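Working notes, structure below.
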Amino acid sequence: MSSTEPDALLGPADIRDLAAKLGVRPTKQRGQNFVIDANTVRRIVRTAEVRPDDTVVEVGPGLGSLTLALLEAADRVVAVEIDDVLAAALPATVQARMPERADRFALVHSDAMLVTELPGPAPTALVANLPYNVAVPVLLTMLERFPSIERTLVMVQAEVADRLAARPGNKVYGVPSVKANWYADVKRAGSIGRTVFWPAPNVDSGLVSLVRRTEPIATTASRAEVFAVVDAAFAQRRKTLRAALSGWAGSAPAAEAALVAAGISPQARGEALTVEEFAAIAEHKPEESA
């Protein structure tokens, strides 16, 4: 759709030059690993199915590798960056490399966990290379705060990708799996090798696709009430739900009564339950502890 030349995207030498000029050294504290491969960012944009009418929000744009590829494909891109130096530099990078799209780019200099509104039209997609150490809370926060986000594609540590996309009964199924599934249909969407990053991380990365549910989970319980059950169920993974939910319900017998009322065996464990079943339990929280 754009007349952008292929070399508008950042290659390995461009990334290192930019970083050197800015005095940027990727920090472990912020989980920074910059993508240095143009083919990879284009693949991410393709996999995310970014459309010409999309307003895409990107969290942690870094030096702008993925930002530029998103600008090629989307109508608008809003990038949320916490790092002072990176946030200050990114608009100039966009202007220099993609001047004809610069008016379609906006930067929010903030911690994504604190962002409650974004400039311009409501975002329709979230595409991001999420910092490893905050990937799950950032993802869940963005999905909660911006219900207009229909499609999400995030690059995260492979182990986190597996957890997010896990189904009930899988050994890595847990809190992130259930909470992500509250919002969306979640699946693994590919793997990313280590060599496309600078510095190369010592773990593999994975892509996770989340397509928001067109109909929310059918329940009279609120999201907070359902998530409270999920947190309690997995806080003591090896325990039966009767035991694990005793604190939540007020006692083990009260937990058993709620489980039976919801049609779930008190001897079951959290990792066997769907998000709908957690919602059913939340609906039956005993009155005195509700």
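The values are calculated or read from the model by the stated rules, or taken from the named source; none is laboratory data. Since this is a predicted model, take the numbers as computed values, not measurements. Cβ atoms come from the backbone with ideal geometry, glycine included; neighbour counts cover every protein chain shown. Each accessible area value is taken on the protein alone, full model and side chains, heavy atoms only, with ligands, DNA and RNA left out. Shrake-Rupley method; radii C 1.70, N 1.55, O 1.52, S 1.80 Å.
Restricting D54, D14 to residues that are touching a Leu at 6+ places or on another chain (Cβ under 9 Å), open to solvent by less than 10 Å² (accessible area, probe 1.4 Å) and not polar (S, T, N, Q) narrows the list to D54. Kindly establish whether G190 is part of a loop (DSSP other than H, G, I, E, B) and either open to solvent by less than 20 Å² (accessible area, probe 1.4 Å) or within 27 Å of A272 (Cα to Cα) (or both). No, not satisfied.
Can you find, within region 223-255, the residue that is surrounded by the fewest Cβ atoms within 10 Å (Cβ to Cβ) among those that are of a type in the set (D, E, K, R) and outside any loop (DSSP other than H, G, I, E, B)? First the steps, then the outcome.
Going residue by residue through region 223-255, those that are of a type in the set (D, E, K, R) are 223, 225, 231, 237-239, 242.
Right, trim to outside any loop (DSSP other than H, G, I, E, B) and you get 223, 225, 231, 242.
Values: R223: 16, E225: 17, D231: 14, R242: 21.
Filtering first and then ranking leaves D231.
In a residue-by-residue description of region 210-222, the property of being open to solvent by less than 20 Å² (accessible area, probe 1.4 Å), in contact with a strand residue (DSSP E or B) (Cβ under 9 Å, 6 or more places away or on another chain) and either within 30 Å of P61 (Cα to Cα) or basic (K, R) (or both) applies to at least one position. Restricting attention to region 153-178, report how many residues are open to solvent by less than 30 Å² (accessible area, probe 1.4 Å), under 21 Å from R269 (Cβ atoms), touching a residue at least 40 places away in the same chain (Cβ under 8 Å) and assigned to a helix (DSSP H, G or I). Qualifying residue count for the region: 4.
Taken over region 197-209, the criterion of being in a strand (DSSP E or B) and open to solvent by less than 20 Å² (accessible area, probe 1.4 Å) is satisfied by F197, S205, G206, L207, V208, S209. When restricted to residues that are of a type in the set (S, T, Y) and in contact with a strand residue (DSSP E or B) (Cβ under 7 Å, 6 or more places away or on another chain), region 163-209 contains 4.
Selection of region 71-103 for residues being farther than 19 Å from A128 by Cα and open to solvent by less than 10 Å² (accessible area, probe 1.4 Å) yields only M98. Just name the residue that is most open to solvent (accessible area, probe 1.4 Å) out of those in region 108-145 that are in contact (Cβ under 8 Å) with a residue 40 or more places away in the chain and in a strand (DSSP E or B). The selected residue is N129. A Cβ distance below 8 Å, combined with a sequence gap of six or more or placement on separate chains, defines the contacts here; from region 203-231, residues that are closer than 18 Å to T124 by Cβ reach residues that are among the charged types (D, E, K, R) and open to solvent by less than 60 Å² (accessible area, probe 1.4 Å) in the pairs S209/R151; L210/R151; V211/R151; R212/R151.
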